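Report on one structure; see the data block that follows.
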Amino acid sequence: MSEFPKLRCPACGYTEPFQRPLLQCPRCGGDWLDVVYDYETVGRQWPEALRERPFDMWRYRELLPLRDDAHRITMGEGGTPLLRAVNLEMMLGCAHIFVKDERQGPTGSFKDRQASLALSVMKEMGVTEAVVASTGNVAISYSAYSARAGIKLWAFLTSLVPPEKMREVALYGSEVVKVTATYDQTKQVAAEFARRQGIHLDRGIRSIAARESMKTVAFEIAEQLPVFLGPGPTPWRAPDWYIQAVSGGLGPVGVWKGYEELVKMGLVDRMPRLACIQAEGCAPMVHSFQKGLEEAEPVLHPRTRIITVATGSPGPAYTFLARVIREYGGVFTAVSDEEAFRAMHVMAKLDGISMEPAAAMAFAGLFKLLSEGVIRRDEVVVVNCSGHTFPVEKHLLGETWARTVEVPTEAPAVEDGLLSSLEQLDRSVRRIAILEDDPGASRLLRRILQARGDYQIFEAHDGRSGLELIRRERPDVILLDLMMPEVDGFQVLEVLKEDEELAQIPVIVITAKELTPGERARLNSQIQRLLQKGDFSDEDLLHEILDVLEGKTK
Ligand SMILES: *Cc1c(COP(=O)(O)O)cnc(C)c1O
Ligand SMILES: [Zn+2]
């Protein structure tokens, strides 16, 4: 058996046996206390012992600060899948992009780990009523778990939180308090209310339970990676990069304690690098780090529509994460709301992963860091997909997300009317032929296009059947690969240009081939556009196609 954990103050080194979560260090008064465990013993036991346990957060219970399992409030949190983003990898030309799918928690965000452990610890402490401040997801998750724990919850939310989220909080039976102020001010109001009423206040990042719960993300990834990458020098593996959208910073702070513990236990051989992605309109960590500050300079007036990440004053989380990034490498970087919304569309349409804008920021960050060369395309990258988009917020779709077929109601012509209105719809459908010998790449193009408009797609996997297809279907545009067996793309072009009727169809070449100047010159006279594989986004491709369809020349 391992020894029971100890409470430790990192500021002054004070330690005592872990009995209950203290609010302050008795020696120096510091309000950031850690729990430390018997890593040597646990590290030796885990690889064998964990085989027997269910894949959820509680399989790591030796390193979780709950004394008695009877107090556990659980709904199967943690144990989320690690998914390969196959289509994204192909589009970006990357070798290993993994998505830690935290949407699959009981309330759809990674906050379920925190809620489960925090409410369990509250129950162990005998708490019956609690106050929490939130930008939405913590309130939802805490509400679900507090309902289960029989603890009354007061959820203080900034009034900017989408009403769909607020209604869910109310549904679980919590008291919803809307505060017409920023999130940082809402936190102060909640703390003052808790103090006056003598109700237990959830301390967010200063809460041991909250940070300890987030470690389990690191543990799971370390266990999951060898399934894809094979064994390494240690039983488990760490990625080269871990990317997460950051607001208060609780997520990465906890995850990094987890990685440090994994290294101490000898279960992984190194630390990943951390990319913290903030919203441009609320990026106190990014700005403070650029200025080389030890403590974060708060943003008093956050300007982002992504309320989930609108923490203007990250406090000690910044100090912790700045240390991590200085010590192990990594970056703080910001993305715009629009970049996040675009990434959200890309991930939903490309790999079938629908996430909330806050989670999409992490992917927008990945795109940015790849294009800046900060992250290399051969590195192993894990992106935390932190939350689901259950209530799809209106502004994300605009007004035109559905088409209406209007059927006249006059009696005799019903059937005719129906058909002619459908024809209108048909006429807007454009026909695209894809000639590409790699079926994977061809499928990717098809999916990008079908996700984005009324396109009818025809595919051929070699030049000869491609030409037959073009003669038969007369597409509005041709996407052509150059390197194909037997009849290659150059030959296809020769044939097309000699045929009066087919010569007019615009051609976009998509190729991985390095072109010689001679080839390039020859192509330029025959095609409308040239795209280099692995070097364009789905947006680029769509723009090119729309331009070509509208007859724009370059
Ligand atoms: C809470 C949350 C974040 C921000 O996490 P922090 O750990 O507070 O920085 C990002 N995405 C989603 C979906 C969240 O719920
Ligand atoms: Zn201390």
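Below is a table of values for the structure above.
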{"read-out": "Residue in the range 171-180 that is more than 16 Å from ligand 2 (Cβ to nearest atom), among the charged types (D, E, K, R), within 26 Å of the chain's Cα centre (by Cα) and not in a loop (DSSP other than H, G, I, E, B) present", "value": "no"}
{"read-out": "Residue identified as more than 17 Å from T80 (Cβ to Cβ) and in contact with a helix residue (DSSP H, G or I) (Cβ under 8 Å, 6 or more places away or on another chain) among P239, P272, P231, P252", "value": "P272"}
{"read-out": "Some residue of the range 342-356 being in contact with a Gly (Cβ under 8 Å, 6 or more places away or on another chain), away from ligand 2 (no atom under 16 Å from the Cβ) and outside the structural domain of C9 (by TED's automatic domain parsing)", "value": "yes"}
{"read-out": "From E261, E212, residue being within 16 Å of ligand 1 (Cβ to nearest atom), charged (D, E, K, R), part of a helix (DSSP H, G or I) and assigned by TED's automatic domain parsing to the domain that holds T80", "value": "E212"}
{"read-out": "The one condition in (1) surrounded by 16 or more Cβ atoms within 10 Å (Cβ to Cβ); (2) part of a helix (DSSP H, G or I); (3) modelled with pLDDT under 90 that F490 fails to fulfil", "value": "(3)"}
{"read-out": "All strands (runs of 3 or more DSSP E) inside the range 1-113 with 1 or more residues being under 30 Å from H345 (Cβ atoms), within 16 Å of ligand 1 (Cβ to nearest atom) and in the same structural domain as Y259 (by TED's automatic domain parsing)", "value": "96-101"}
{"read-out": "Boolean, G30 is free of Cβ contacts under 8 Å to residues at least 40 places away in the same chain, of a type in the set (G, A, S) and within 16 Å of ligand 2 (Cβ to nearest atom)", "value": "yes"}
{"read-out": "P231 being over 14 Å from the mean Cα position of the chain (by Cα), of a type outside the set (A, V, I, L, M) and surrounded by fewer than 24 Cβ atoms within 10 Å (Cβ to Cβ)", "value": "yes"}
{"read-out": "Answer from E514, E501, E519 - the residue that is surrounded by fewer than 16 Cβ atoms within 10 Å (Cβ to Cβ), part of a loop (DSSP other than H, G, I, E, B), over 34 Å from the mean Cα position of the chain (by Cα) and not assigned by TED's automatic domain parsing to the domain that holds F367", "value": "E501"}
{"read-out": "Considering residues of the range 139-162 that are within 16 Å of ligand 1 (Cβ to nearest atom) and touching a residue at least 60 places away in the same chain (Cβ under 8 Å) only, the residue nearest to G198 (Cα to Cα)", "value": "Y142"}
{"read-out": "Residue satisfying all of: in the range 299-325; crowded, with 23+ Cβ neighbours inside 10 Å and small (G, A, S); farthest from ligand 1 (Cβ to nearest atom) among these", "value": "A310"}
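The values are calculated or read from the model by the stated rules, or taken from the named source; none is laboratory data. Computed from a prediction, not measured in an experiment: that's the story for all the values here. Glycine also receives a Cβ, built like all others from the backbone with ideal geometry; neighbour counts cover every protein chain displayed.
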